[in-house]
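The values are calculated or read from the model by the stated rules, or taken from the named source; none is laboratory data. No experiment lies behind these values; they were computed from the predicted model shown. Positions of Cβ are generated from backbone atoms using ideal geometry, with glycine treated the same way; all protein chains shown enter the neighbour counts.
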C-alpha cells in the first residue's frame, strides 16, 4: 500500500543525516601532513650533517693556514741564512783568489780588508789591477754603506783618486742590495827606516890643536 504525504510535513524521528567529507579527502590530507613531517625531519638531518662537515672543514682550513704561515716563516729564515752563507763564501773565495793569483800586493789586500771589514753589510766580489789603478766590484745592503766605504778609502791615506764608476740595485732572496764598481790608485806608505839607523851628524867647526 502506497502512502502519500499531502501536507508536506516531515514525520518526527526521521531527520536526515548531514553529509560528511569524503573518505578519500581525509586520507589525502593525512598523507600530506605525514609527508611534510617526514620531509622536514629528513631535511633537518641532512642540514645538521652537512653543517657538521662544514665546521670540520673550516677547522682544518684554519689549521692549514697556521701551518702555512709557520712554513713561510721557516722558509724566510732559511733564505736569510743561505744569503749570509753565500756572502761569507764569496768573501772567502775573493780572498783566496787574491792570494792564489797574487793580483795585488799583500799590503794592498790587508789595507782594503781592514776597511771593508768595518761594515757587516758590505763585501768585495772582485779586485783586479787596471793599469795604474785598481778596480773593485762589490755588494752592499744600502747606498749609505757604499758612501762610507768611499769615505774610508779616501781618508786612509793610501788610496788616492777614489772614483765610484757605477752602482745599481740588485735584490736577491727578497733582500735589498746594491752592486757597485770603484777604482782607485794605491799609494803604499813609505817604508820606515831600519831600527838603529844613525842620523847623519850636522857639520860642525873643526877643532884646533891644543896649545894653539
Can you tell me which of (1) modelled with pLDDT under 95; (2) surrounded by fewer than 17 Cβ atoms within 10 Å (Cβ to Cβ); (3) more than 29 Å from residue 75 (Cα to Cα) is the one residue 181 doesn't meet?
(1)
So, first residue more than 18 Å from residue 144 (Cα to Cα) in the range 156-181, second residue in a strand (DSSP E or B) and modelled with pLDDT of 90 or more, Cβ within less than 7 Å, six or more apart or across chains; the pairs are 158/186; 159/184; 159/186; 160/184; 160/185; 161/184; 161/185
Which is modelled with pLDDT under 90, more than 24 Å from residue 187 (Cβ to Cβ) and surrounded by 16 or more Cβ atoms within 10 Å (Cβ to Cβ), of 139, 87, 79, 96?
87
Out of 155, 144, 174, which single residue is exposed (fewer than 15 other Cβ atoms within 10 Å of the Cβ) and modelled with pLDDT under 85?
174
Selection count, the range 149-180, where residues are in contact with a strand residue (DSSP E or B) (Cβ under 8 Å, 6 or more places away or on another chain) and within 21 Å of residue 107 (Cα to Cα)
10
